[in-house]
């Protein structure tokens, strides 16, 4: 099984509170929201995740525990 890597698409497993990117306004990211890992996993337990609108503009970029996300599988893994 593959671990989280940069540019992986993830889905939130829990609703979280964070701040809006660029304004620091408090916002809620709902469970099942899709995001993208934008920085390598920190100390094997956290990753920096970008959440963007339909036009590709980021609205949040929190550091999240890996336990709050699930990697979206969008292609098969081939046998060696």
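Readers should treat all values here as calculations from the given coordinates under stated rules, not as data from a laboratory. As the structure is a prediction and not an experimental result, all values here were calculated from the model. Cβ: placed from backbone, ideal geometry, glycine included. Neighbour counts: every protein chain shown.
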- Item | Which listed residue is within 9 Å of the chain's Cα centre (by Cα), surrounded by 12 or more Cβ atoms within 10 Å (Cβ to Cβ) and without any contact (Cβ under 8 Å) to a residue 60 or more places away in the chain, from 70, 34 | 34
- Message: Please verify whether residue 44 is without any contact (Cβ under 8 Å) to a residue 24 or more places away in the chain and on the phi > 0 side of the Ramachandran plot, treating the condition exactly as stated.
- Response: yes
- Among residues of segment 6-29 being exposed (fewer than 12 other Cβ atoms within 10 Å of the Cβ) and out of contact with any strand residue (DSSP E or B) (no Cβ under 7 Å at 6 or more places or on another chain), the residue nearest to residue 78 (Cα to Cα) is 22
